[in-house]
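> Before I ask anything, here is the structure I am working with.
The values are calculated or read from the model by the stated rules, or taken from the named source; none is laboratory data. Since the structure is predicted, the reported quantities are computational estimates derived from the model, not experimental observations. Virtual Cβ from ideal backbone geometry, glycine too; neighbours counted across all protein chains shown. Heavy atoms of the whole protein, side chains included, go into the accessibility calculation; ligands, DNA and RNA do not. Shrake-Rupley method; radii C 1.70, N 1.55, O 1.52, S 1.80 Å.
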Amino acid sequence: MAADGSALPASPLSRDELDRVVTNAHAALGRVQRDDGHWVYELEADATIPAEYILLEHFLDRIDDELEQKMAVYLRRIQSDVHGGWPLYHDGDFNISASVKAYFALKAAGDDINAPHMKRAREAILAHGGAERSNVFTRFQLALFGEVPWRATPVMPVEIMLLSRSAFFSVWNMSYWSRTVIAPLLVLAALRPLALNPRQIHVRELFRTPPEKVRDWIRGPYRSNWGYVFKGLDMALRPLVPMIPAKTHEKAIKAAIDFIEPRLNGKDGIGAIYPAMANTVMMYRALGVPDTDPRAATAWEAVQNLIVHKDDEAYCQPCVSPIWDTGLSGHAMIEAASGPNGIAPEETLAALKKTSAWLRSKQILDVKGDWAINKPDLAPGGWAFQYGNDYYPDVDDTAVVGMLLHREGDPENAESIERARQWIIGMQSTNGGWGAFDIDNNKDILNHIPFADHGALLDPPTADVTARCVSFLAQLANPEDEPVIQRGLDYLRREQEADGSWFGRWGTNYIYGTWSVLCAFNAAGISHDDPAVVRAVEWLRSVQQPDGGWGEGCESFEDGPRGTYKQSLPSQTAWAALAMMAAGRRDDPAVSRAMSWLASRQDEQGEWHEDPYNAVGFPKVFYLRYHGYKQFFPLLALARYRNLETSNTRRVGFGF
């Protein structure tokens, strides 16, 4: 069925219909471009971030009742009608940690615990073991409010901040997001402040066992036997931590502050991610720093900048995504404007000239971030994900932007492209792959310590990020880069799954990973008949939905079925079709059916609609919904399909 309830078209799209759909999508995306040339869409997570924001206001006694009520509307709306709690993604299963935080936040916002929605949530939490079974970060939150004793949290002494790069448990062996979240959290754990909590909201009713009587805060299931080893180490260290000399303790707190303050990052916030910002705001309060102090005031402003205000509700984003959204939107727009029948080519290229100038202004050229601890002699040249995050550029954004600037072709882009090229080459890990933010960030044993129950302490190389870097370098076609590209291709071949797909670390999921790698293979000149390509294409065909689209649920990150979902989705249909075209299958009936499906789902404004989440922060723990994906990826796929029709080679000529 189409969006209006009618039957899907039985025949391929006519040329006129394809022109209409691409023209309307191009106009829709162009309408939301900002005056300075960039794009930014909402980036939505689950209930945890808005719930944590409400609790942050109560920790500080900086309560904005009107805002809290609008966030409460949001939290009530996304509560599950099926299980009564809160999931980690649209229509997902019950998640105890998200549910504990959401319940606590709604109670703080004034919801009656005997109201039907609160009663259902409480019953669900208790049925799943009670709040004592929530994850580590939730237990830290509860400890800050005095709901659980501090022994409910793992031993993480602030003295970790004194460890050198060579020490196994050094923060330098963790991912950027872990470092920026952990540093202020360690100070909080050392100082153990108690939330002001002016309305004295407590949630003891969520515990099956009184918190003071719980003795098994840290328990399985563990991901390996290392979990048992580290639990034993936690038990051994716990009585020793109070014996650390006071001077050492003070030195460690100072080391944490010395790490944090150069990275405060102005109004964009430390790490430009909510958990790190919120922990820093609480840290300054615990240290007795006045709210009017420029450091504390700016940290609070950074948190405020993440809030999405709507007429009747509000929520807090985990971060913002302007560089990513701009790069991806730019690719879609330039594809639509290209070829002998390009859509408004002069106007589009003029608008993209502003886009390129804006992107060049955001390139990080004079700050050596945390990545430099592994490559001190490498010149910076990357882009971050957010408006500003100079210490933490990532190679994925950098490759996407670099490919756009290269395709746009303005000579003014040349220096930016070359700086990006050199930086990406320098960021390759020893196994040939690329992680997003760091080099060789792969000490997997760290993911088994009690603190890392989320399993995402690290930033190892992944197929999707590696594919993007290979695509960028291959598109530039510098002969001297061939050894770097080949090492990346070798890594990608090793990472192919038995069924022919690739895992997608940053998008949902195997469809995303497979699309990424097939783009890279095509850009690098791998034959479309290569066995790895053929296997990937066959896998994509095997998971296409009966209606012609593709869809994949976040359940595939949780050992659920790969490449399938209860419905087709615009983002994943576009990725699969783009993958097929990158593999030389533009004329495959599967691609034709996908184009018909996308055309049938476009609304009168030239847009698509998609409620399910389409990306991931940390698999099994934290998922994302990019509101822009459902707009720019379908346009990119439809425009490419249209352009390849008039191509003599039927081969995609770009890395993305």
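> Using the structure shown, decide if Asp440 is of a type in the set (Asp, Glu), out of contact with any Asp or Glu (no Cβ under 9 Å at 6 or more places or on another chain), open to solvent by 30 Å² or more (accessible area, probe 1.4 Å) and closer than 30 Å to Arg238 by Cβ. Break it down into steps so the answer makes sense when it comes.
Details: of a type in the set (Asp, Glu): yes; out of contact with any Asp or Glu (no Cβ under 9 Å at 6 or more places or on another chain): yes; open to solvent by 30 Å² or more (accessible area, probe 1.4 Å): yes; closer than 30 Å to Arg238 by Cβ: no.
Criteria not met by Asp440.
> Looking at (1) under 28 Å from Met277 (Cα atoms); (2) open to solvent by 70 Å² or more (accessible area, probe 1.4 Å), can you tell me which one Leu240 breaks?
Single failed check for Leu240: (1).
> On to the next question. Only one of Ile160, Ile201 is outside any loop (DSSP other than H, G, I, E, B) and open to solvent by less than 50 Å² (accessible area, probe 1.4 Å); which? First the steps, then the outcome.
Details: Ile201 fails: outside any loop (DSSP other than H, G, I, E, B).
Residue meeting the stated conditions: Ile160.
> Only helices (runs of 4 or more DSSP H) wholly contained in segment 557-656 count here; list those with 3 or more residues that are open to solvent by 30 Å² or more (accessible area, probe 1.4 Å).
Passing ranges, in order: 589-601.
> For the structure I just gave you, tell me whether Ala498 is small (Gly, Ala, Ser) and open to solvent by 50 Å² or more (accessible area, probe 1.4 Å). Reasoning before the result, please.
Values: small (Gly, Ala, Ser): yes; open to solvent by 50 Å² or more (accessible area, probe 1.4 Å): yes.
When the stated conditions are applied, Ala498 passes them.
> Going by the structure shown, is Ala276 buried (at least 22 other Cβ atoms within 10 Å of the Cβ), over 14 Å from Leu185 (Cα atoms) and touching a helix residue (DSSP H, G or I) at 6+ places or on another chain (Cβ under 6 Å)? Give the derivation first.
Working: buried (at least 22 other Cβ atoms within 10 Å of the Cβ): yes; over 14 Å from Leu185 (Cα atoms): no; touching a helix residue (DSSP H, G or I) at 6+ places or on another chain (Cβ under 6 Å): yes.
Criteria not met by Ala276.
> Could you say which residue among Asp65, Asp112 is closer than 22 Å to Arg208 by Cα, free of Cβ contacts under 8 Å to residues at least 12 places away in the same chain and of a type in the set (Asp, Glu)?
The match here is Asp112.
> I'd like the full set of residues that are open to solvent by less than 50 Å² (accessible area, probe 1.4 Å) and touching a His at 6+ places or on another chain (Cβ under 8 Å), limited to segment 86-98.
Phe94, Ile96
> OK, next. Could you please let me know if Ala477 is touching a Ser or Thr at 6+ places or on another chain (Cβ under 6 Å), open to solvent by 10 Å² or more (accessible area, probe 1.4 Å), closer than 21 Å to Ala420 by Cα and not hydroxyl-bearing (Ser, Thr, Tyr)? Let's see the steps before the verdict.
Working: touching a Ser or Thr at 6+ places or on another chain (Cβ under 6 Å): no; open to solvent by 10 Å² or more (accessible area, probe 1.4 Å): yes; closer than 21 Å to Ala420 by Cα: yes; not hydroxyl-bearing (Ser, Thr, Tyr): yes.
No, not satisfied.
> Please enumerate the residues belonging to segment 316-332 that are among the aliphatic types (A, V, I, L, M) and open to solvent by 10 Å² or more (accessible area, probe 1.4 Å).
Of segment 316-332, the ones among the aliphatic types (A, V, I, L, M) are 320, 323, 328, 332.
Val320 - this is the single residue of segment 316-332 that is among the aliphatic types (A, V, I, L, M) and open to solvent by 10 Å² or more (accessible area, probe 1.4 Å).
> For segment 449-461, indicate whether the set of residues that are under 28 Å from Tyr222 (Cα atoms), touching a Leu at 6+ places or on another chain (Cβ under 7 Å) and small (Gly, Ala, Ser) is non-empty.
So in segment 449-461, the residues under 28 Å from Tyr222 (Cα atoms) come out as 449-461.
Add one more test, that the residue is touching a Leu at 6+ places or on another chain (Cβ under 7 Å), and what stays is 452, 457-458.
Narrowing the set further to residues that are small (Gly, Ala, Ser) leaves 452.
Yes - at least one qualifying residue is present in segment 449-461.
> Which number in (1) open to solvent by 20 Å² or more (accessible area, probe 1.4 Å); (2) farther than 29 Å from Phe622 by Cβ marks the one condition that Thr348 misses?
Here Thr348 clears every test but (1).
> Does Val401 satisfy the criteria of being within 17 Å of Asp36 (Cα to Cα), among the hydrophobic types (A, V, I, L, M, F, W, C) and under 18 Å from the mean Cα position of the chain (by Cα)? First the steps, then the outcome.
Values: within 17 Å of Asp36 (Cα to Cα): yes; among the hydrophobic types (A, V, I, L, M, F, W, C): yes; under 18 Å from the mean Cα position of the chain (by Cα): yes.
Considered against the rule, which asks whether it is within 17 Å of Asp36 (Cα to Cα), among the hydrophobic types (A, V, I, L, M, F, W, C) and under 18 Å from the mean Cα position of the chain (by Cα), Val401 comes out as yes.
> Applying the selection to segment 351-372, what residues are small (Gly, Ala, Ser) and either open to solvent by 10 Å² or more (accessible area, probe 1.4 Å) or under 26 Å from Arg650 (Cα atoms) (or both)?
Going residue by residue through segment 351-372, those that are small (Gly, Ala, Ser) are 351, 356-357, 361, 369, 372.
Hits for segment 351-372 are Ala351, Ala357, Ser361, Ala372.
> Quick one: which residue in Thr348, Thr326 is hydroxyl-bearing (Ser, Thr, Tyr), more than 23 Å from the chain's Cα centre (by Cα) and more than 19 Å from Tyr176 (Cβ to Cβ)? Before the answer, list the steps.
Numbers: Thr326 fails: more than 23 Å from the chain's Cα centre (by Cα).
After applying the criteria, what remains is Thr348.
> Now, a different point. Based on this model, can you work out whether Leu126 counts as open to solvent by 40 Å² or more (accessible area, probe 1.4 Å) and over 18 Å from Asn279 (Cβ atoms)?
So Leu126 fits the description; yes.
> May I ask you to list pairs of residues, at least six apart or on different chains, whose Cβ atoms are under 7 Å apart, with the first in segment 221-237 being surrounded by 13 or more Cβ atoms within 10 Å (Cβ to Cβ) and the second being assigned to a loop (DSSP other than H, G, I, E, B)?
Qualifying pairs under 7 Å: Arg223/Gly455; Gly227/Gly220; Phe230/Ile449; Lys231/Ile218; Asp234/Pro154; Asp234/Val155; Asp234/Ile218; Leu237/Val155.
> Out of curiosity, is Arg285 in contact (Cβ under 8 Å) with a residue 24 or more places away in the chain, open to solvent by less than 60 Å² (accessible area, probe 1.4 Å) and among the charged types (D, E, K, R)? Let's see the steps before the verdict.
Numbers: in contact (Cβ under 8 Å) with a residue 24 or more places away in the chain: yes; open to solvent by less than 60 Å² (accessible area, probe 1.4 Å): no; among the charged types (D, E, K, R): yes.
Judged against the criteria, Arg285 is not a match.
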